Amino acid sequence: MPENQSSLLPSISVNRPVTVMMGLLLVFVLGAIAYNKIGIEWFPGGLESKRLMVRADYENSTPLDTLEKVVEPIEDILGTITGIERIHTRAYSTSGRAYVYFHNSVDMDRAYDDIKDRMDRVLPELPEEVEEIRVYTYDEDDEPILFSALTLGPNIDNPEYFIERYIEPALQRIDGVGDVDIKGDASREVRISLDQEKLKAHNIDVYELSRNLRDQNLNLSAGRVMEGGQEYMVRSVGRIEDISQLQDYIVDREKGVRLKDLGEVYISTLENYSTWRLNGGKSYGVEIMRSGNANIVEISKAVNRVFERFENSRRWDGIQFRVFKDQGKYILESMNNLKMSALWGGVFSFIVLICFLRSLRITLTITLAIPLSLLCSVTVLYFMGWTLNILTMMGLLISIGLVVDNAIVMVENIHSKREMGLGPKEGALQGASEISLAITMSTMTTMVVFLPLLLMESGGEIRFYFHRIGIPVVSALAASLTIALMVIPLASKIFFAEQSKRTKPKGGGGVSRIYQSILDRALKDRALATFILLAIIGGSLYPIFNDWIDTRDRSSSSGRISLRFELPAGIKKEEVAEWVDYVEAFIEDNRDRYEFDSYTSYFSYSSMYVYLNMAQETLNWQQVATRWFLEKIGRGPEESMSRGDIMRDIGERLELPPGLTMRYSYSSSGDSTRSFYLMLYGDDTETLYQLGEEVVRRISTINELVGLDLELEENNQELNVELDREQAQQMGISTRDVSNSISYAMRGSSVGRFYQDGRRDINIEARLQEEDRETLEALSRLTFMSNSGNEVPLQSISELDFRDAARYIRRDDRKTSMRIRALMETDDVRRTDAQIEALMEGFEMPRGYRWDRGSSYYRLDKENQEIRFALVMIFIFVLFLMGILFESFVLPLAVIGTVPIAGVGVVWMLVASDTAFERMASVGAMILIGIVVNNGIVLVDLSQRLMKEGLSRNQALLEASKRRFRPIWITSLTTIFGMVPIAIGGSKVMDMSYAPMGRVIIGGLLVSTFLTLIVVPLFYTFLDDLRNWFGRTASMLTQRNEPIAESQQKDVAEKA
């Protein structure tokens, strides 16, 4: 750029200081307002999930019955909807569920309406007991924001009433609370317990009686009447509000038979109610859901205040709340951890600047870019309607070490102009204008990193994450560029006005001279230098091809261990409680050994679970570093048992009573990479079960798979009725009537709701009394009227027996499936995967049956492919931008050579720190591409300008390397040290550590900075030679063609 030509923004900065100062004040004011008003939450809203869940409750059924009568009709009607990617269905003894996954291009509002419409159509075809089909939207907000165990004192006589009357209303009144779910309360129902002998004596059918009771308990429309010209709706109110009403209900008016004549009517707890216990004592689970976009932190604080009020109440002694999950607390801890990491990153950057610049005023001037840029970024987020959350905070944290780069380069260039003898104003204006294009393009190369992610075809969630991370980074970088172009020139003019002028520029010290000598040798012996560089790059390929670097994270410090016990059929709940006592005693005896925080148990007559809630701690980077140092010198704490070791130890040492089988598993939010899944598909559940047993036998030899669990274990007993249809038809007995009568007699039927003043209504259930349905002999006494008027017992027209049945039936895309799962406790996931593939390679399956690793495994692979695509696109976009800057097709290749050099640092950093190249590491790699080329851009830009001033190529490269040595190292080290708190660990997002991202950036940037001052000039010479060769070749071809053209012109002239 000519000396008399100045860039616009630097000119405004130098010539209009009041304008600049007012702009700064405006930024501070808006930033302060935005920072105080911006919302805070754990996870940002706006992630549109492409999943919906359909649920139809069908109580007291069997999985097979639910599949045939509920699930399959729902599957058929869902098949008529377009845009569905896959459907997973589950048939339970209490409900049928369908999990519907849509393609990314589908409008979810329309999809929701389509499913609601189809469910309304199919509802009349389902059994009468299915009163409603509900459609749920999957969303992060559907997860409970707080989960606590509630223990009541001994002076509370009626716990269920106390919870319903006091606890629930107090929590539901909190602004922002959407729902309160109490688990473990002994819910009550009105039970009509019918005596089979009395039913026979009065010739009353259970099925018809249940239908009549259900009709009686409704508000029925009776028509309209006109009075005084006004039309009124008439309704016959028949709902039951008193037990005596129900007892006196007339079943047969001719004989005067009332309901109480057929059995007992009373209020009781549900037969299958569940019990919760905390650390061996009776407890209840309290789940809090938020409503809409309410502030999670405020809800958490309000809920905890309610807990404290009950705990400190003098009226009720002994109430305790034990909070296991509190998103509000976790948000604050994570935010504070991020803020401290950002603060320490800024401190480290400041220390680097003061060490290099050795001037407090210059350092403070440059450091001013950090708070200003972050305030601008927060202001942008606020006016976009976004919040400070775990993703936007991550973007701000990444920006800490980047926003000072432009200011550093700007100050150095202005400083060099002052040393050449220019005055404060001229030096600031010329130095800023000269470097403005280079820092603008280098900033854009970092900003453009996030653009290719919008082109990803199927990475909806990845796009969402990077959008939330990228906007804070991009806005902070844009602000830092503006600060460098408008604030730094003015600050240089004002603060450095009295600086003594020097005619001889600084050389950069002894290290710079060493670099100069190495570069000079490399430019003179380019073949040797190229061989060394290729050897360095080739050496980094060895760990990649030998699978030294994993692609899935192997570490997690949170979660819980679940112990699931399979119970024998026909067991009493009292027996289950005794077994729970036994398991809890074992757990309590090993508290110190397993180092868990607490344990909870959950059981009914049909299920039994014990959970070890593992101790969790959020460490800042100083604590992580201190712990690592103490471990290295042998002074650290004893290593705790891993989750896999605990599960193995329980399996080996816990002696179970006869009839009790234990399955154990490990769960951790956001840590699917540690889970092993294998899916089997086919038509017959029994065949799948046998195949599953063989698979478990094969892969159980792999020690790294802990807690192998065959999900569809046959631990339930199911009544099987084989009806002789021909004989029943001859007697005039409808098979439908037989099926309905058995169903209503055995599993019962909901016939209405019982309304209680001041309390929530409860269900009214009608079924045979327990002694009439607990044995085959009792069931066989059911009778049906033949066409001759005689009573025919069930045993005369059918065969009855009990058989083993699965707890539920799983189907994927209308194929019955079964899942085998385990915890993958390994340091080499690739090797373990290879072992699994080898063991399953020769596994022969019947025709129509197949296996795979499950949708999550392939979704992870697809995600990795999308990330690789994004990396390639980022590489191309950066190349295009540099082509615009240098107005050359060739020269950008000299700068882009820093990317593979940075890859060397990434590889060896991952190897040295034993870090997997997982999602967060890939984030670091994408950002790294946009960062490492910046140093090469400013170096080549200066070399080009020096050559225009008359220096030879090698002299220009050596001089540019000399002048840019210090700013390149300062900008790199500020970024590196700004990332140190992230790289050491502690900060997390959704149980994924930021550390891999920080380590990737540090490793790549460190190596690339060491070699940029040599690699870029070396590549530049090769490419410049190539460009010159093309120029000479084109010139020679042109010269050869000129004589031919002249000869042709002469021939034409002679002929004329």
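The values are calculated or read from the model by the stated rules, or taken from the named source; none is laboratory data. These numbers were taken from a predicted model, which means no experiment stands behind them. When we count neighbours, we look across all protein chains shown, and the Cβ atoms used for this are built from the backbone with ideal geometry, even at glycine.
Candidates R648, R663, R698: the one that is basic (K, R), within 26 Å of W579 (Cα to Cα) and either in contact with a Pro (Cβ under 8 Å, 6 or more places away or on another chain) or at pLDDT 80 or above (or both) is R648.
Residue selection: L123 fails the criterion of being in contact (Cβ under 8 Å) with a residue 40 or more places away in the chain and over 27 Å from the mean Cα position of the chain (by Cα). Hey, can you tell me all the residues within the range 581-600 that are crowded, with 17+ Cβ neighbours inside 10 Å and part of a helix (DSSP H, G or I)? V583, E584, I587, Y594, listed by residue number. State whether the residues of the range 873-882 include one that is among the aromatic types (F, W, Y), in a loop (DSSP other than H, G, I, E, B) and surrounded by 17 or more Cβ atoms within 10 Å (Cβ to Cβ). Within the range 873-882, none of the residues are among the aromatic types (F, W, Y), in a loop (DSSP other than H, G, I, E, B) and surrounded by 17 or more Cβ atoms within 10 Å (Cβ to Cβ). Put simply, of S274, S268 the only residue that is closer than 30 Å to Q196 by Cβ, at pLDDT below 80 and surrounded by 17 or more Cβ atoms within 10 Å (Cβ to Cβ) is S274.
Between V906, V911, V899, the distinction of being crowded, with 24+ Cβ neighbours inside 10 Å and outside any loop (DSSP other than H, G, I, E, B) belongs to V906 only. Across the range 920-969, the number of residues qualifying as touching a residue at least 40 places away in the same chain (Cβ under 8 Å), touching an Asp or Glu at 6+ places or on another chain (Cβ under 7 Å) and over 24 Å from F356 (Cα atoms) comes to 1.
The condition of being assigned by TED's automatic domain parsing to the domain that holds G1004, modelled with pLDDT under 85 and among the β-branched types (V, I, T) holds for only one of T975, T915, that being T915. Within the bounds of the range 36-52, is there any residue that is surrounded by 14 or more Cβ atoms within 10 Å (Cβ to Cβ) and in contact with a Pro (Cβ under 6 Å, 6 or more places away or on another chain)? There is no residue in the range 36-52 that is surrounded by 14 or more Cβ atoms within 10 Å (Cβ to Cβ) and in contact with a Pro (Cβ under 6 Å, 6 or more places away or on another chain).
Scanning the range 743-758 for residues that are of a type outside the set (F, W, Y), modelled with pLDDT of 70 or more and farther than 15 Å from R211 by Cβ yields a single hit, R753. If the condition is being among the small types (G, A, S) and within 15 Å of M997 (Cβ to Cβ), then the range 914-950 contributes A916, A921, S922, G924, A925, G930. For the range 316-368, filtered to residues that are of a type in the set (A, V, I, L, M) and in contact with a Pro (Cβ under 9 Å, 6 or more places away or on another chain), the residue that is nearest to S148 (Cα to Cα) is M340.
The single residue among G346, G328 that is buried (at least 19 other Cβ atoms within 10 Å of the Cβ), small (G, A, S) and more than 25 Å from Y599 (Cα to Cα) turns out to be G346.
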